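In what follows, a structure is listed as structure tokens, so that the remarks can point back to it.
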Amino acid sequence: MSATALAPSQLRLTIDPAGLGFASTAELQDLPLPWIGQERAEAAARFGLGMEQPDYNLFVLGEVGSGRTSLLQQAMRQAAAQRPVPPDLCYLHDFDAPERPRALRLPAGQGRVLRQGMEQVTHTLQAEIPKRLDGADFRVESERIEKAYQEAEAQAFATLDAFAETLHFRLTRDGGHMVFTLLGDTGQPLTESEAHALPRERRAEIDAAEQRLRAEIARFLDTTRPLERQRDEALEQLRRQMAKPLLDHALQEVRNRLRKQIKDTVKMGQWLEQVQREVLENLQLFVPAESGEDERKDLLDELLARCHVNLAVDNDGQTAAPVLIEDNPQPRSLFGSIEYQADADMALADFSGIRAGSLLKAHGGFLMLHLRDLVGNEGLWERLRRFLRCSRLQIEEGGAAHGATAAVALQPEAVDVQVKLVLIGSVEEYYALQEADPEVARRFRVKVDFAEAFTATPQTRQTTAVFVAHTGKKRGLPDFSAAAVARMLEQTHREADDQKRQSALFAQTEALAIESAALCRARGGARVEADDIDAALQARALRHSYPEQRLHETITDGERLLALSGQHVGQINALTQIDLGDYRFGFPVRITARAYAGHEGLLNIEREVEMSGPIHDKGVLILHSYLMALFGHIAPLALNASIVFEQEYSGVEGDSASCAELYALLSSLSGLPLAQGIAVTGALNQHGEVLPVGGINEKIEGWFRACEAAGLDGTQGALIPARNRHHLMLERRVAEAVAQGRFHIWTAAHVSDGIALLTGQAPGMQAGMATGEEGSVLGRAEQQLRAFRRACQAAGRTRMRAPGRLRGTPRGTDDDTP
């Protein structure tokens with residue numbers, strides 16, 4: 001079998017615009033946009049989003065630009081529309097345990113009603129309670145209570161005063177203190193000197209009288225203190241009687257406005273009872289004071305602030321379950337936070353500083369995260385794992401995080417959270433995470449795998465055209481003609497490197513639509529045409545192709561030794577691909593081989609200097625194995641051979657040059673020159689079959705550019721694996737050159753096909769084994785190997801006959817003497 005020359009029609013897929021069924025994308029803008037070529041991923045996503053059981057979170061695998069994020073957002077919104085609106089979440093001050101704010105869930109919209117109702121309650125109390133405590137009824141009753149107390153207290157004091165007089169003391173009050181003064185016989189107060197002048201017996205009597213008076217004063221105080229308490233209690237009870245109906249009515253209004261049945265009715269009722277208790281116990285704060293007015297106002301403001309509601313999650317006005325996309329997950333934004341306020345050297349916080357994170361806001365719905373954002377934040381993934389384990393969230397954050405010591409560390413009540421996570425990542429990230437954390441598979445039971453390419457059908461081409469139409473409508477672009485869409489479809493096949501499959505990376509298609517539309521407008525066109533698509537592709541290549549241009553200049557300038565025509569022994573041009581991440585291109589590289597007599601076998605120079613990767617080393621080892629199989633009847637081989645990539649200094653990886661290496665080595669052994677105008681790519685297996693390689697289009701085009709720059713002479717071309725034929729999506733000018741006979745592309749299924757093309761001689765093998773046919777490539781190589789054998793045997797005998805050799809040294813034997 002010989003190498004097969006491909007016809008121009010086989011070099012690329014051409015799509016007929018007439019077969020698309022529309023004249024322009026204006027006809028397609030109102031059609032629905034399905035998941036193009038992602039039926040498997042769509043089915044998995046629908047299943048996972050519809051599953052309401054825990055642990056059925058979604059892990060979405062796919063490359064950037066595959067539509068994984070936008071399509072999942074679309075599916076999440078559709079699934080959310082089928083779910084009820086989740087409840088609101090409020091945090092309330094717990095008057096019995098201020099460091100543990102209560103969490104309260106209310107039906108959607110009721111959280112706002114409760115917050116507004118409590119704000120109205122505080123405004124009402126602040127305005128009305130002082131009026132009621134300053135009203136005529138209150139004053140009359142409070143005066144009555146005060147008068148009754150004063151009368152009782154005055155009567156008791158009168159009795160005490162009379163007793164003091166019997167003991168010759170005058171009793172007066174000074175700022176709430178009892179002051180008694182000793183009286184003389186004339187009824188006038190004695191001075192200190194007069195008191196000291198009294199006889200000792202009289203002073204002793206006065207001291208005894210003073211002790212009796214002090215005891216009576218103590219009994220007086222014991223009598224009046226209960227009277228004070230009774231007065232204070234009566235006044236307090238009076239205040240309560242005046243304020244309680246107002247407070248009851250205000251709180252009942254709040255209850256009445258919350259008409260919907262709620263799960264936490266008991267909890268809310270208990271909190272309202274706490275509010276009522278605290279207000280009634282601090283009614284004095286509502287009344288202006290003669291002193292300490294500023295302090296009273298501060299305490300009143302603090303009391304009323306604690307009666308407010310912190311509406312952490314407000315779902316009022318929503319019509320479906322929430323769909324959140326967290327693009328910058330941090331502990332605060334994901335799990336919630338507590339805002340602290342610095343006061344001197346202390347950090348102060350209360351329930352009003354609690355802020356809900358994305359997990360709380362997404363309760364009852366969906367939350368999308370990107371894996372790379374999580375694993376890049378130390379501790380964030382571990383905390384998320386713990387949440388997934390229990391589905392219960394407690395906001396945790398200490399004041400120390402804000403640079404001050406917290407007076408009280410808040411511990412808000414933990415709440416159950418039902419949220420379905422959609423985690424976006426690449427295939428590599430998915431399996432690396434599973435290996436590092438086996439629990440991932442248990443928590444993310446739905447794998448949504450986005451394909452990089454899919455089989456092209458009339459339906460996929462139609463839906464791709466709809467995608468272009470939607471892109472134009474969304475971006476405000478001109479309409480695209482059918483010819484332009486056909487050209488874009490061809491480009492999707494080029495991106496997939498396959499005539500049968502389209503690329504699923506629609507971000508590239510969208511970018512091409514935007515860029516071609518810009519060129520269309522620049523020329524004043526009303527509709528994007530195929531020429532605009534080609535111009536956009538050329539402009540994109542020009543923006544990225546400087547490294548490629550510089551390498552090709554090294555060939556033109558003679559810096560890189562590369563023969564583009566003629567024939568040479570042991571020398572061949574191989575095709576390589578250089579991937580810069582944002583741009584790929586092919587480039588030829590010369591491979592040379594040298595063979596001579598010896599026993600070292602095949603030497604891979606790149607491997608010896610550690611410039612080759614493991615896949616390339618594997619390819620050379622397979623080549624060596626195949627070579628041994630070809631010439632196994634001349635075992636052991638007396639061969640030294642070396643293979644090298646000339647002028648290659650950045651390293652070699654991949655096995656796509658193993659066929660070229662074999663051809664160079666066979667040329668060196670047989671002495672037959674190889675055509676230098678034919679560049680070769682293809683991998684080799686142990687049976688001599690040529691395996692497909694990647695980057696086939698870039699490799700051929702890179703060789704074509706090198707030959708075109710030097711001038712095509714009609715003998716040049718590329719030899720590629722036959723199994724790569726359907727991967728061809730070459731540039732039009734390459735296909736035109738082939739049609740004109742100025743360039744050629746051949747395919748080979750077996751290495752024997754290629755060696756015959758390159759040397760013009762029979763390969764000399766059948767069924768993958770050497771036949772020894774005289775004049776054939778393998779026949780000549782076999783003769784050379786036998787010559788090497790004889791040379792090695794002769795050298796061995798010479799060494800054994802050399803003077804000074806130790807006796808008894810065993811001599812080499814060879815049963816396979818030619």
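The values are calculated or read from the model by the stated rules, or taken from the named source; none is laboratory data. These numbers were taken from a predicted model, which means no experiment stands behind them. Ideal geometry is used to build each Cβ from the backbone, glycine not excepted, and the neighbour counts take in all protein chains shown. The protein model used for the area step is the full one, side chains on, heavy atoms only, and it has no ligands, DNA or RNA in it. Shrake-Rupley method; radii C 1.70, N 1.55, O 1.52, S 1.80 Å.
Some values worked out for this structure:
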item: Point-to-point label distance, residue 766-residue 119, nm (Cα→Cβ direction, 7 Å offset); result: 9.7 nm
item: Scattering profile of region 466-616 at q = 0.14, 0.15, 0.18 Å⁻¹ [log10 I(q)/I(0), Debye over alpha-carbon scatterers]; result: -0.85, -0.91, -1.10
item: Span-rule helices in the chain, defined as complete DSSP H runs reaching 30 Å or more along the axis (Cα) with Kyte mean at least 0.0; result: none
item: Solvent accessible area, Å² - residue 4, 1.4 Å probe, full protein context; result: 70 Å²
item: Residue-span extension gain [residue 95 to residue 43] - 0.36 nm each, minus C-alpha spacing; result: 13.6 nm
item: Sorted peptide list for 755-764, 21-30, 221-230, criterion being average Cβ within 10 angstrom, highest first; result: 755-764, 21-30, 221-230
item: Protection proxy ranking, peptides 368-376, 297-305, average beta carbon neighbours within 10 Å, highest first; result: 368-376, 297-305
item: Which listed pairs, of 474/500; 447/474; 267/447; 131/263; 473/500; 473/699, have C-alpha distances above 32 Å, in listed order; result: 267/447; 131/263; 473/699
item: Cβ-placed point charges (K, R +1; D, E -1), dipole of region 10-117 about Cα centre in debye, nearest 20; result: 240 debye
item: Value in Å of the Kirkwood radius, where region 673-718 supplies the Cα pairs that are averaged; result: 11.9 Å
item: Dimensionless Rg over Rh [region 450-494; C-alpha; Kirkwood]; result: 0.98
item: Length gained when the stretch residue 474-residue 230 is fully extended (0.36 nm per residue, less Cα-Cα span); result: 80.0 nm
item: Principal axis box of the chain, alpha-carbon based, largest edge first, Å; result: 162, 88, 48
item: Two-site FRET efficiency, residue 319 against residue 257, from Cβ-Cβ distance with R₀ of 25 Å, rounded to 0.05; result: 0.70
item: Linear extension gain, residue 523 paired with residue 432, 0.36 nm per residue minus alpha-carbon span; result: 27.8 nm
item: Gap separating the Cα centres of region 1-67 and region 198-255, nearest whole Å; result: 89 Å
item: With 10 Å bins from 0: P(r) over region 606-749, alpha-carbon pairs, percent; result: 10, 37, 36, 14, 3, 0
item: Gyration tensor verdict on region 292-339 (Cα atoms; rounded if a/c is under 1.5, prolate if a/b is larger than b/c, oblate otherwise); result: oblate
item: Rg to Rh, two decimals, where region 20-155 supplies the alpha carbon set and Rh follows Kirkwood; result: 1.42
item: DSSP beta bridges in the chain [antiparallel fraction, %, rounded to 5]; result: 60 percent
item: Separation between Cα centres of region 83-136 and region 635-710, rounded to whole Å; result: 80 Å
item: Protection proxy ranking, peptides 113-124, 149-160, 679-690, average beta carbon neighbours within 10 Å, highest first; result: 679-690, 113-124, 149-160
item: Solvent-accessible area, 1.4 Å probe, carbon plus sulfur percent, for region 1-146; result: 50 percent
item: Virtual spin-label span in nm between residue 156 and residue 739, 7 Å along Cα→Cβ; result: 12.1 nm
